[in-house]
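The structure appears right after this line, and notes come after that.
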Number of protein chains: 2
Amino acid sequence: MIEALDASKTPINKKMQFAVIGGGVIGGGWVARFLLMGCDVNVFDTAPEASRKINEVLDNARRSLPGLYEHLLPKEGRLVFCSSIAEAVSRADWISESIPERLDIKQAAYAEIQGHCPEGAIIASSTSGFKPSELQEDASRPQQIIVAHPFNPVYLLPLVELVGDPQTTEHAAMILSQLGMHPLRVRKEIDAHIADRLLEAVWREGLWLISDGVATTQEIDDAIRYGFGLRWAQMGMFETYRIAGGEAGMAHFIQQFGPALEWPWTKLMDVPELTDELINKIASQSDQQSGQYSIRELERIRDDNLVAMMRALKGKDWGAGSLLNQVDQTLTLKSDMPSTPTALGDSVRTTHRVVPSSWVDFNGHMNDSHYGEVFSTASDVLLHGIGADQAYIAQGCSYFTVDLQISYLAECLAGEQINVFTSITLAEGKKLQLSHEMKNAQGDVCATCSQFLLHVDLKSRKSCPPLAAVAEALARLN
Amino acid sequence: MIEALDASKTPINKKMQFAVIGGGVIGGGWVARFLLMGCDVNVFDTAPEASRKINEVLDNARRSLPGLYEHLLPKEGRLVFCSSIAEAVSRADWISESIPERLDIKQAAYAEIQGHCPEGAIIASSTSGFKPSELQEDASRPQQIIVAHPFNPVYLLPLVELVGDPQTTEHAAMILSQLGMHPLRVRKEIDAHIADRLLEAVWREGLWLISDGVATTQEIDDAIRYGFGLRWAQMGMFETYRIAGGEAGMAHFIQQFGPALEWPWTKLMDVPELTDELINKIASQSDQQSGQYSIRELERIRDDNLVAMMRALKGKDWGAGSLLNQVDQTLTLKSDMPSTPTALGDSVRTTHRVVPSSWVDFNGHMNDSHYGEVFSTASDVLLHGIGADQAYIAQGCSYFTVDLQISYLAECLAGEQINVFTSITLAEGKKLQLSHEMKNAQGDVCATCSQFLLHVDLKSRKSCPPLAAVAEALARLN
């Protein structure tokens, strides 16, 4: 059945049968990814709470994974809880093993799985530490057992490390790609594969920092998420350092910074000798990885990615995004124009900003949908000015847009300054009509917008007259 | 002058004078952040290319930093290239030193700086390795010299590690906060502060992996950016592991996973002993850091952040975002409805998706601006169907939206399925009129949209008739 899968066919063959042995956080994450990508899954887990736990992971996955795509995912697969390994694996094409990290327990599970599963099935262990050769000891069909090590949350993070028989891992890589993952085939089996060796190194260093009273867990986390964590979400360590090395190149960077490793910095001192051979190996691998871009291009790719991700976190008011919101608040305080009108038709400035690089589309200008975003934000500013602010919303009322008309008059480019001037043209009971004008720095009108809103009770989700605070502010305009 | 700065005042006191000694990648990054946040900067650098290099960094900063904010930054400060340290620092309130990492050169620079700068100025070294006590040796006013270690690109990444005299670093922290940065005050001076100790550990482990032929630079970078790099951009290591530990708590997590550190995983084996005292210290610090959220809440915050960041990278078609685009392409192929109309008024399905969690606003529903985004994407699908695709755009023509009218009829919630049906209602020469209807899974109409577009020559940015391929496709509809 797996043989039927190929890249020219549908992305995921719904006829594939997946089995998951062990339904904890990792096993549950596998279940969620398989099901939401349209595949049927049999689960075996002896824990009394297994079903509740898996359903909790599934709830999280259902509210996050489908939103990553601009198209609907296939119809969710069928989930069956099985009462034995035999029942779970007897027709399975793929068997994920996510049971506790004890070699004897895992080996016993493989013996039982291999006693009942098809010979062509892939048995993929989620182990973060064991090597395939250890897992395969005494197995009847050793090459059938591989490592497919995922990262939590499995339903969102794409990385899977694959280690084992070349043919089996190649087949596995094809299937995982079709599930939206990034299979990383590890060249040599080593304890902890690749990523966990890097994680182990940081964990160890973090424990020292805490043990020595140098930093707290919060301080270490902040050192990561406000700094190199943002870089590593889009480029890894070597591509980042290639940029730092500048036009002089990667070999120069290592020669310059390499010796720092021999300083008495850490308690862990065994460092590979930076021979010319090692330096050249790294430099040529880096050329192959990133050589198609100049350093200047890489800088701009990095910066555009950082702007897009930091703005995404801003929408969530979290981490680096919270800091941006804090600066925005102080910038509002500095604004030299009032954003509250004193009469109907009185125009006030509600927006004073530049176009972010992340708003530009394939036509090289601000995408039409972001004009709507600018006017939506301008309305929020004006609504706050008349008292319909966060505190008002917390009382259970808000304004909803009912009709919007935008005329596009001029293009806006990345980095260009834009201002929006907004007036209230109608305020009658629950009805509110706004008129916006967007201008660039030269004063050219780039767009106009007419927006009709209704005041709404957030409990009943039905329209209603505004509460006293807003009603009085509006009455003063008439 | 610095004394005038306080949180109740303007975010950045424009009267502050900054000086930057050494204008490489880091020094240039400081120059860019100071200037763009509205401050005046004097630069001293003896390198012949200093001015060109700083202007290149400034170009990058100007195209990225201002777009992070929803408000205009203050007017850019004044940049002066000085011919001596004395000239650069004589009236400076803040002096950033970013010269090469050699202690004797740095100490000589401080002697000259202290001979000419105000006594109340802060002298902040960007050193990634030296301790303040080393920098201060033989200085006339030691407490004036601190470490303020930033991260590249300095104009975007918020982290700065501050080490040194408590009063001076407190003052420095206040100023850096006003520049939009996250000052991390390091409790004890140690070589390499905090972040670079973590980075060193990963770098060392990466060198081993390459030296031993286990992985290439590309494979290590992929292990980072498709996996834990995404996690670390929003939560650090300890908050992430707190979630992995689940309801059992952080102490349980360390007890369970801690011993793994004593396995023969790496070549570097000195690990702190996991005494009860250390375990409790970590657990209570973690409670203080994240205890206000339940594990379930942390999972959802993490997932919403990941969705928002991965969608941001999708817009840039980079890293984890490229993978999402690849799956979207296979999902399009699977679509069971044609997206090309055969006659005017003929309605085809152009969107079939769910509402991502990152589209929901404070009213608990899909923000009004994302209705525009949905219709914009629906238009792209239809335009591709009539031949105005990426290849057509590459030939120098495209359609621009000129007028858009949206009627909002029903709310859409996160995770809800939406479909858009689009028809061409007018196709005459350069004019194109589209009509969209957005429906939920129950078939209720959530919104309608009328969109008027003009065909445009991307060189002249003026309207023109479509090229043959599109003109013929449209002619067949009439």
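The values are calculated or read from the model by the stated rules, or taken from the named source; none is laboratory data. Since we're looking at a predicted model, the values are computed, not measured. We place every Cβ from the backbone using ideal geometry, glycine too, and count neighbours over all the protein chains shown.
With respect to being more than 7 Å from chain B (Cβ to nearest Cβ), over 20 Å from B:L404 (Cα atoms), part of a helix (DSSP H, G or I) and touching a helix residue (DSSP H, G or I) at 6+ places or on another chain (Cβ under 8 Å), A:Y371 falls outside the description.
Looking at B:S177, B:S211 in this structure, which one is touching a Pro at 6+ places or on another chain (Cβ under 8 Å) and not assigned by TED's automatic domain parsing to the domain that holds B:L35? Step by step, each of B:S177, B:S211 is checked, and only B:S211 is touching a Pro at 6+ places or on another chain (Cβ under 8 Å) and not assigned by TED's automatic domain parsing to the domain that holds B:L35. When A:C412 is tested against (1) assigned to a loop (DSSP other than H, G, I, E, B); (2) buried (at least 19 other Cβ atoms within 10 Å of the Cβ); (3) in contact with a helix residue (DSSP H, G or I) (Cβ under 6 Å, 6 or more places away or on another chain), only condition (3) is not met.
Taking the condition basic (K, R) and either within 23 Å of B:A244 (Cα to Cα) or not assigned by TED's automatic domain parsing to the domain that holds A:G67 (or both), does A:K188 pass?
In short, no.
Is it true that some residue in the range B:415-431 is in contact (Cβ under 8 Å) with a residue 60 or more places away in the chain, within 10 Å of chain A (Cβ to nearest Cβ), of a type in the set (A, V, I, L, M) and on the phi < 0 side of the Ramachandran plot? Yes, the range B:415-431 contains at least one residue that is in contact (Cβ under 8 Å) with a residue 60 or more places away in the chain, within 10 Å of chain A (Cβ to nearest Cβ), of a type in the set (A, V, I, L, M) and on the phi < 0 side of the Ramachandran plot.
So, in the range B:443-478, of the ones that are of a type in the set (G, A, S) and loosely packed, with under 13 Cβ neighbours inside 10 Å, which residue ends up farthest from A:Q451 (Cα to Cα)? Spell out the reasoning first.
In the first step, residues of the range B:443-478 are kept if they are of a type in the set (G, A, S); the result is B:443, B:447, B:450, B:460, B:463, B:468-469, B:471, B:473, B:475.
Now drop any that are not loosely packed, with under 13 Cβ neighbours inside 10 Å, which leaves B:443, B:460, B:468, B:475.
Values: B:G443: 26, B:S460: 32, B:A468: 38, B:A475: 35 Å.
Going through the qualifying residues, I end up with B:A468.
Cβ-Cβ contacts under 6 Å between residues 6 or more apart (or on different chains), taken from a first residue in the range B:270-299 that is surrounded by 15 or more Cβ atoms within 10 Å (Cβ to Cβ) and part of a helix (DSSP H, G or I) to a second residue that is modelled with pLDDT under 85 and among the acidic types (D, E), are listed as B:I295/B:E247.
Within the range B:191-211, is there a residue that is surrounded by fewer than 22 Cβ atoms within 10 Å (Cβ to Cβ), at pLDDT 90 or above, within 20 Å of A:L162 (Cα to Cα) and at the interface with chain A (Cβ under 7 Å from one of its Cβ atoms)? Among the residues of the range B:191-211, at least one is surrounded by fewer than 22 Cβ atoms within 10 Å (Cβ to Cβ), at pLDDT 90 or above, within 20 Å of A:L162 (Cα to Cα) and at the interface with chain A (Cβ under 7 Å from one of its Cβ atoms), which makes the answer yes.
Among the strands (runs of 3 or more DSSP E) confined to the range A:3-94, the ones with at least 1 residues that are modelled with pLDDT of 95 or more, in contact with a Lys or Arg (Cβ under 9 Å, 6 or more places away or on another chain) and not β-branched (V, I, T) are located at A:17-21, A:40-44. In the range A:151-266, counting only helices (runs of 4 or more DSSP H) that sit wholly within it, the ones holding 1 or more residues that are touching a Lys or Arg at 6+ places or on another chain (Cβ under 8 Å) and more than 30 Å from A:R300 (Cα to Cα) span A:166-178, A:195-211. What number of residues within the range A:377-404 are closer than 20 Å to A:G415 by Cα and small (G, A, S)? The qualifying residues number 1. Once the range B:280-313 is narrowed to residues that are facing another protein chain (nearest Cβ under 7 Å) and among the small types (G, A, S), the residue that is nearest to B:V360 (Cα to Cα) is B:A308. Is at least one residue of the range A:154-170 more than 14 Å from chain B (Cβ to nearest Cβ) and either under 18 Å from A:G29 (Cβ atoms) or under 25 Å from the mean Cα position of the chain (by Cα) (or both)? Checked against the condition, which is being more than 14 Å from chain B (Cβ to nearest Cβ) and either under 18 Å from A:G29 (Cβ atoms) or under 25 Å from the mean Cα position of the chain (by Cα) (or both), the range A:154-170 yields no hits at all.
Conditions (1) at the interface with chain B (Cβ under 7 Å from one of its Cβ atoms); (2) assigned to a loop (DSSP other than H, G, I, E, B); (3) surrounded by fewer than 21 Cβ atoms within 10 Å (Cβ to Cβ), marked per residue:
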position	(1), (2), (3)
A:L344	no, yes, yes
A:L382	no, no, no
A:Y399	no, no, no
A:S407	yes, no, yes
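Looking at the range B:122-150, which of the residues that are part of a strand (DSSP E or B) and within 22 Å of the chain's Cα centre (by Cα) is farthest from A:I295 (Cα to Cα)? Please lay out each step first, then the result.
Of all residues in the range B:122-150, those part of a strand (DSSP E or B) come to B:122-125, B:145-150.
Of the ones still in play, those that are also within 22 Å of the chain's Cα centre (by Cα) are B:148-150.
On the way: B:A148: 26, B:H149: 23, B:P150: 20 Å.
My answer is B:A148.
Against the numbered list (1) more than 27 Å from A:Q234 (Cα to Cα); (2) more than 8 Å from chain A (Cβ to nearest Cβ), B:N363 comes up short only at (2).
Is it the case that the range B:138-150 has a residue that's in the same structural domain as B:I122 (by TED's automatic domain parsing), buried (at least 18 other Cβ atoms within 10 Å of the Cβ) and of a type in the set (D, E)? No, because not a single residue in the range B:138-150 is in the same structural domain as B:I122 (by TED's automatic domain parsing), buried (at least 18 other Cβ atoms within 10 Å of the Cβ) and of a type in the set (D, E). For the range B:38-52, taking the residues that are more than 16 Å from B:Y155 (Cβ to Cβ) and among the aliphatic types (A, V, I, L, M), the one that is surrounded by the fewest Cβ atoms within 10 Å (Cβ to Cβ) is identified as B:A47.
Just so you know, in the range B:53-68 the residues that are buried (at least 17 other Cβ atoms within 10 Å of the Cβ) and more than 18 Å from A:N305 (Cβ to Cβ) include one that is nearest to the other protein chains (Cβ to nearest Cβ), and it is B:K53. Evaluation of B:A223 against the conditions (1) more than 7 Å from chain A (Cβ to nearest Cβ); (2) within 13 Å of A:M237 (Cβ to Cβ) shows that the sole unmet condition is (1). In the range A:384-397, the qualifying residues are those that are hydrophobic (A, V, I, L, M, F, W, C) and outside any strand (DSSP E or B), and the one that is farthest from the other protein chains (Cβ to nearest Cβ) is A:I386.
Looking at B:T377, B:T350 in this structure, which one is β-branched (V, I, T), in contact (Cβ under 8 Å) with a residue 60 or more places away in the chain and assigned by TED's automatic domain parsing to the domain that holds B:R461? Exactly one residue qualifies, and that residue is B:T350.
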